[in-house]
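> Sending over a structure as structure tokens; questions will come in a sec.
The values are calculated or read from the model by the stated rules, or taken from the named source; none is laboratory data. Only a predicted model underlies this, so the values are computations on that prediction, with no experimental measurement involved. Positions of Cβ are backbone-derived with ideal geometry, glycine not excepted, and every protein chain shown enters the neighbour counts. For the accessible areas, the whole protein counts, side chains as well, though only heavy atoms, and no ligand, DNA or RNA atoms are used. Shrake-Rupley method; radii C 1.70, N 1.55, O 1.52, S 1.80 Å.
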Amino acid sequence: MLKNKKILLGITGGIAAYKAAYIVRELKRLGADIRVIMTHSATQFITPLTLSTLSQHEVIVSLWPESTHESTDLGVRHVDLGLWADLMLILPATANTIAKLATGIADNALTSTALSIRSPLLIAPAMDLDMYRHPATQHNIGILQERGVHILEPESGDLASGLSGPGRLPELQPILEKIESVLAGTKKDLEGIQVLVTAGPTYEKIDPVRFVGNRSSGKMGFAIAKAAAQRGAEVTLISGPVLLETPQGVQRIDVDSAAEMFQKVQREYEKHHVIIMAAAVADFRPASSAKQKIKKTNDRGVPELKLEQTEDILRFIGEHKDSRTVIGFALETENEIDNAREKLEKKKLDYIVINNPTEEGSAFGSDTNRINILGKNGKIKEYPLMSKFEAAHKILDCING
Ligand code: CTP
């Protein structure tokens, strides 16, 4: 599969740069044609001579000719290489280069080429765990992912700093597999699967202008719908009132209240294989709503609001699920795991996604989230702070086990 593939390898300045030599050697052995571009910082970790010997081609470090006697053709080689490549792989990708890619900065040969390429871009972030977990880095990775850049996630383990956690470059085999899967086309593992997603808040009417609601932005549910559609699923999105654009290829149904959402979910769920309830459905609604706006100048003084419980949509789905996969959400501010486990069992779910809106980076309306996913088998997967789009992919990964 890699035979005669043209792979442009960009190396940035992290300690894992030395591992690039093994990648080049292996890719060559498998018949690929490799060109290497390095940042100046990368040359602190591994020499261009090593890489040019292994790749059997000149290694590019500078955008500019080494001397004025060199050919002026060098001025466009980042464009030429961008057109030449079947795939550009940046390995390791430092936090600095990831930030530049996210903002489109082109201040060296590598980042200029990354802006010129027409073929897929795959990056392998590798750095110290705190740099990797930093909201800035996670946000930038999220931006790249939304733009269609492929990410080879770092592994967890001992790091060069002596700390232990996520940030380590994966071993050779997972790197080769990822290159192959990107070359084979974007992941389409949800083709033929119908996914129903709910998102956003619900508004429960007090009168024609007032409501009881909550602060959900709908971003998590919309990210799930978008990611599922990109992975080939047929997606129906039932959304409460939000200010978000419908993701491409997604069929959207707008609702206002919990009762309306319940009605639409009941109508839709049978057609779907997977149901993901990301909506923050109001648990209570006014027992009755006024037909006309309640005036403050009436004889009865300040009105009292009597609440009643809304339908638990997820519980209904859990009870009627048959062979469907049902994923719920738990918004918890304390005893997260125990409360979520109780919900998972009570509502007969396959997975429950736990998040805590009081945690840094996971607030309502934010673009990032730190989630844990608890399965009915009792296993829990913990994730660092990441973009909601990336979290959406983690949630979708549960579908195929
Ligand atoms: N949910 C639902 N219908 C409701 C309330 C919640 O379908 N009326 C779904 C949400 O979409 C979410 C999950 O249930 O996937 C968790 O909701 P939450 O309100 O956190 O849990 P509750 O069981 O209502 O428990 P509590 O309010 O006590 O935390």
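> Just read off the accessible area of ASP367 with the full protein assembly in place, 1.4 Å probe, to the nearest 10 Å².
ASP367 has an accessible surface of roughly 80 Å² with all protein chains in place.
> Given the whole protein assembly as supplied and a 1.4 Å probe, what does the accessible area of MET131 come to in Å², nearest 10?
Rounded to the nearest 10, that gives 100 Å².
> Also, I was wondering about something else. What is the list of residues in the stretch 293-320 whose amide nitrogen lies under 15 Å from a point 7 angstrom out from the Cα of ARG210, following Cα to Cβ?
So the set is 293-307.
> Going through the cross-link list LYS100/LYS394; LYS219/LYS388; LYS321/LYS348; LYS178/LYS394, which pairs have a Cα-Cα distance over 18 Å in this structure?
Details: LYS100/LYS394 25 Å; LYS219/LYS388 7 Å; LYS321/LYS348 9 Å; LYS178/LYS394 16 Å.
From LYS100/LYS394; LYS219/LYS388; LYS321/LYS348; LYS178/LYS394, over 18 Å: LYS100/LYS394.
> Moving to a separate point now. Using the Karplus curve 6.51 cos²θ - 1.76 cosθ + 1.60 with θ = phi - 60°, work out ³J(HN,Hα) for each residue of the stretch 147-157 in order, rounded to whole Hz, and write x for Gly and Pro.
Along the stretch 147-157, the couplings run 7, x, 6, 8, 10, 9, 5, x, 8, 8, x Hz.
> Taking the DSSP beta bridges in the chain as the whole, what percent of them are antiparallel, to the nearest 5?
Details: 18 of 61 bridges.
The answer is about 30 percent antiparallel.
> Pull out the extension gain between GLN292 and ASP107, defined as 0.36 nm times the separation in residues minus the alpha carbon to alpha carbon distance; nm, one decimal.
Details: separation 185, 0.36 × 185 = 66.60 nm, distance 6.17 nm.
So the extension gain works out to 60.4 nm.
> Okay, next question. Using modelled amide H (1.01 Å from N, peptide plane; none on Pro or chain starts), what sits under 5 Å from the amide H of ARG252, excluding residues fewer than 5 places away?
Correct list: LEU237.
> If a/c stays under 1.5 just call it rounded; otherwise compare a/b with b/c (prolate if a/b is bigger, oblate if not). Do that for the stretch 142-214, with a ≥ b ≥ c from the square roots of the Cα gyration tensor eigenvalues. Numbers along the way, then the final one.
Details: a/c = 3.91, a/b = 1.88, b/c = 2.09.
It is oblate, given that a/c is not under 1.5 and a/b is not larger than b/c.
> Here's something else I'd like to know. Treat the chain as a sphere of radius equal to its Kirkwood radius over Cα pairs and apply Stokes-Einstein at 4 °C in a medium of 1.567 mPa s; give the translational diffusion coefficient in µm²/s, rounded to a whole number. If you can, show how the numbers build up before the last one.
Values: Rh = 23.5 Å.
Stokes-Einstein gives a translational diffusion coefficient of 55 µm²/s.
> Which lysines does LYS306 reach when only Cα atoms under 24 Å apart count, and residues fewer than 8 places away in its own chain are ignored?
Cα-Cα hits under 24 Å: LYS205, LYS291, LYS293, LYS295, LYS296.
> Sorted by accessible area with a 1.4 angstrom probe, largest first, how do PHE284, PHE364 fall? Please list the in-between numbers first.
Details: PHE284 105, PHE364 85 Å².
Largest to smallest exposure gives the sequence PHE284, PHE364.
> Taking every DSSP beta bridge that has both residues in the stretch 187-277, what percent is antiparallel when rounded to the nearest 5? Display every interim value, and only then the final one.
On the way: 2 of 17 bridges.
DSSP beta bridges in the stretch 187-277 are roughly 10 percent antiparallel.
> Here is a further query. Could you state the angle between the C-alpha long axis of helix 388-397 and the longest principal axis of the C-alpha atoms of the chain, as a value from 0 to 90 degrees rounded to the nearest 10?
Once rounded, one gets 90 degrees.
> Which whole-number percent gives the relative contact order of the stretch 6-184, counting Cα pairs below 8 Å spaced six or more residues apart? Spell out each step's value before the answer.
Values: 344 pairs, mean separation 37.4, N = 179.
Over the stretch 6-184, the number comes to 21 percent.
> Taking 0.36 nm per residue of sequence separation and subtracting the Cα-Cα distance, how much length would be gained by fully extending the chain between PHE316 and THR50, in nm to one decimal?
Working: separation 266, 0.36 × 266 = 95.76 nm, distance 6.23 nm.
Gain on stretching PHE316 to THR50: 89.5 nm.
> Mind listing which trypsin sites (Lys or Arg not before Pro) in the stretch 240-302 are in a DSSP loop and have 13 or fewer other Cβ atoms within 10 Å?
LYS291, LYS293, LYS295, LYS296, ARG300
> Counting DSSP beta bridges with both partners in the stretch 194-400, what percentage is antiparallel, nearest 5? Before the final figure, lay out each step's value.
On the way: 14 of 39 bridges.
The antiparallel proportion sits near 35 percent.
> With axes computed from alpha carbons, what is the tilt in degrees of helix 219-230 against the longest principal axis of the chain, rounded to the nearest 10 within 0 to 90?
Relative to the chain, helix 219-230 is tipped by roughly 60 degrees.
> Rank these by accessible area, largest first, 1.4 Å probe: TYR22, TYR383, TYR203. Mind dumping the intermediate values first?
Values: TYR22 115, TYR383 40, TYR203 75 Å².
Sorted descending by solvent-accessible area, the residues read TYR22, TYR203, TYR383.
> To the nearest 10 square angstrom, how much accessible area does ILE143 have with a 1.4 angstrom probe?
Here the accessible area works out near 50 Å².
> Ok, one more. Tell me, what is the percent relative contact order of the chain, built from C-alpha pairs under 8 Å that lie six or more residues apart?
Details: 847 pairs, mean separation 46.6, N = 401.
The value is 12 percent.
> Per DSSP H run of n ≥ 4, the term is -39500 (n - 2.57); total these for the chain, divide by its residue number, and report the mean residue ellipticity at 222 nm rounded to 500 deg cm²/dmol. Numbers along the way, then the final one.
Values: 13 runs with 123 residues, N = 401.
One gets -9000 deg cm²/dmol as the mean residue ellipticity at 222 nm.
> Taking a 1.4 Å probe, which of HIS150, HIS139, HIS272 shows the most accessible area, and what order do the others take after it?
On the way: HIS150 30, HIS139 75, HIS272 10 Å².
The ordering from most to least exposed comes out as HIS139, HIS150, HIS272.
> Another one. Return the distance in nm (one decimal) between the two label points of a simple spin-label model at LEU307 and LYS346, each offset 7 Å from Cα along Cα→Cβ.
Each label point lies 7 Å from its Cα, and together they span 1.5 nm.
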